[in-house]
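The structure appears below as structure tokens.
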Amino acid sequence: MKVLETERLMLRPFTEADAEELYRYASHPEVGPPAGWKPHESAEESLQVIRDIFLPSDALAMVRKSDGRLIGSAGFVDRHRTELGTPSEEVGYSLARDCWGQGFTPEAVNAILRHAFEELHYAVIWAAYYDGNMKSKRVMNKCGLTYRLSRIEPVLQLGETRLAHYYAITRREWESR
């Protein structure tokens, strides 16, 4: 995905040089588990995540313009649901614990939605959160996604099953906001 810019953020592809900063926020015990991944245990693990997950995908580093700090990630997770039409994609995101409640994630997701509908011509963008992750649900609501379905699914990295709630926004819904 190309570089996207908002008022306060630069959304750019990850590089291997981001490993230390990714580790700094992804090691916090409150960040990963609500989203279904375990806290990173080392900068080397964060580097492996960059190599294996972020670089091959359309995940973007969320960089705060005011200080150049990598504070999270946002982007497509290469999951395509068909219930509301195609082409479709799912957006995912994470944010450093000390940045919660400041509106960074909705700002990033709205930039991704704009890019998805205006430039990539997607029909639908999906997002999902695990039961109890109300912060993620609020992001979806703020960005205009609405509830579509729930299902129990495995959370492989944590070795458990959880109830996932899927939200979506169609191009038509996005255009009429």
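Please treat every number below as a calculation from the coordinates, not as lab data. Nothing here was measured: the structure is a model prediction, and the numbers come from that model. When we count neighbours, we look across all protein chains shown, and the Cβ atoms used for this are built from the backbone with ideal geometry, even at glycine.
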**Complete:** Among G103, N141, S66, the residue whose Cα sits farthest towards the positive end of the charge dipole of the chain (+1 at Cβ of Lys and Arg, -1 at Cβ of Asp and Glu, taken about the Cα centre) is N141
**Message:** Could you tell me the relative contact order of the range 32-106? Use alpha-carbon pairs under 8 Å, at least six residues apart, and round to a whole percent.
**Reply:** 20
**Asked** What list of ³J(HN,Hα) couplings, whole Hz, do you get for the range 17-25 from phi and the Karplus terms 6.51, -1.76, 1.60, once you set θ to phi - 60° and write x for glycine and proline?
**Response** 5, 7, 4, 4, 5, 4, 4, 4, 9
**Complete:** Note to self: C-alpha centroids of the range 153-168 and the range 39-100 sit apart, in Å, by 17
**Prompt:** Exposure proxy check: L95, L149 ranked by fewest other beta carbons within 10 Å?
**Reply:** L149, L95
**Prompt:** FRET efficiency for R172 and L55, Cβ-Cβ distance as r, R0 = 41 Å, nearest 0.05?
**Reply:** 0.80
**Item:** Chain lengthening between T86 and D131 when straightened (0.36 nm per residue, less Cα-Cα)
**Value:** 13.6 nm
**Request:** Would you kindly derive the ³J(HN,Hα) couplings of the range 137-143 from the backbone phi angles with the Karplus curve 6.51 cos²θ - 1.76 cosθ + 1.60 (θ = phi - 60°), listing them in order in whole Hz, with x for Gly and Pro?
**Result:** 4, 4, 4, 4, 4, 4, 8
**Prompt:** Charges only on Cβ, +1 for Lys and Arg, -1 for Asp and Glu: so what's the dipole of the chain about the Cα centre, in debye to the nearest 20?
**Reply:** 660
**Asked** In whole percent, what relative contact order does the chain give with Cα contacts below 8 Å and a gap of six or more residues?
**Response** 19
**Message:** For the pair D78/S150, report the inter-label distance in nm, with labels modelled 7 Å from Cα in the Cβ direction.
**Reply:** 3.0
**Asked** In the range 12-44, which GluC sites (Glu not before Pro) are in a loop and have at most 16 other Cβ atoms within 10 Å, using DSSP for the loop call?
**Response** E30, E41
**Using distinct alpha-carbon pairs, which all enter the 1/r mean, Kirkwood radius of the range 4-175 in Å** = 16.2
**Item:** the range 4-175 - share of DSSP beta bridges that are antiparallel (%, nearest 5)
**Value:** 90
**Request:** Mind jotting down the distance between the C-alpha centroids of the range 101-127 and the range 1-15, whole Å?
**Result:** 12
**Complete:** Expressed in nanometres to one decimal, the distance between label points 7 Å along Cα→Cβ at N141 and R114 is 2.4
**Fill in**
Among chymotrypsin sites (Phe, Trp or Tyr not before Pro) in the range 77-177, those in a DSSP loop whose Cβ has at most 16 other Cβ atoms within 10 Å are W100
**Asked** Within the range 80-119, which GluC sites (Glu not before Pro) sit in a loop by DSSP and count at most 14 neighbouring Cβ atoms inside 10 Å?
**Response** E83
